[in-house]
Amino acid sequence: MRHGVKLNKLSRTAAHRKSLMSNQACELISHKRITTTLAKAKALRVYVEPILTRGKVDSTHNRRIVFSYLQDKEAIKELFGVISEKIANRPGGYTRIIKLGKRVGDNAEIAMIELVDFNEIYGKTAAADKAPAKKTRRAGGAKKKAEGEANAETPAESAE
């Protein structure tokens, strides 16, 4: 029985699984979003979230620990540079898994795993939503606008 075991072995040996997770984590960090099977995405989330937490504090110790997992200098530069700035104030939950349906060839569940802070669709902030002026279809708004224009013209007319 597997009471409380979080690790999904994915039908691979330990060395193959370690290599798979390392490669997928590097691709996720580089591209911010990858498509894979649902089982691999769930296993990758468990693998990459502690690495992203380490990436928030840029120190030699953390860089060496992350390098022991990833073995990719470019991914580490990206993690401690661009990604660490975006996730600095997030307390966890750096990734999102979105189910995409089943694959045609073997009917495997496909999912997209992405970094939450790098999605423009879901990641809109409240300030960005409030920036454009609210448009209404109510009649009262037209009156206020007309009054505002009339008030703007009045000082110009009195100056003449």
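The values are calculated or read from the model by the stated rules, or taken from the named source; none is laboratory data. Values in this document were obtained by computation on a predicted structure and should not be read as measured data. Because the Cβ atoms are built from the backbone with ideal geometry, glycine has one as well, and the counts that use them run over all protein chains shown. Each accessible area value is taken on the protein alone, full model and side chains, heavy atoms only, with ligands, DNA and RNA left out. Shrake-Rupley method; radii C 1.70, N 1.55, O 1.52, S 1.80 Å.
What the table shows:
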read-out: Segment 60-87 residues that are farther than 23 Å from Leu20 by Cβ, paired with ones that are of a type in the set (Asp, Glu) and assigned to a helix (DSSP H, G or I) (beta carbon under 9 Å, 6 or more apart); value: Lys86/Asp117; Ile87/Asp117
read-out: Any hit, segment 57-74, residues being surrounded by 14 or more Cβ atoms within 10 Å (Cβ to Cβ), modelled with pLDDT of 95 or more and closer than 17 Å to Arg33 by Cβ; value: no
read-out: Filter result (farther than 19 Å from Asn119 by Cβ and either without any contact (Cβ under 8 Å) to a residue 24 or more places away in the chain or part of a strand (DSSP E or B) (or both)) within segment 18-56; value: Lys18, Ser19, Leu20, Asn23, Thr37, Pro50, Arg54
read-out: Where Gly101 falls short, out of the listed (1) free of Cβ contacts under 8 Å to residues at least 12 places away in the same chain; (2) open to solvent by 70 Å² or more (accessible area, probe 1.4 Å); (3) not in a helix (DSSP H, G or I); (4) not hydroxyl-bearing (Ser, Thr, Tyr); value: (2)
read-out: Residue match in segment 30-46 (condition: in contact with a Ser or Thr (Cβ under 7 Å, 6 or more places away or on another chain), open to solvent by 80 Å² or more (accessible area, probe 1.4 Å) and of a type outside the set (A, V, I, L, M)); value: yes
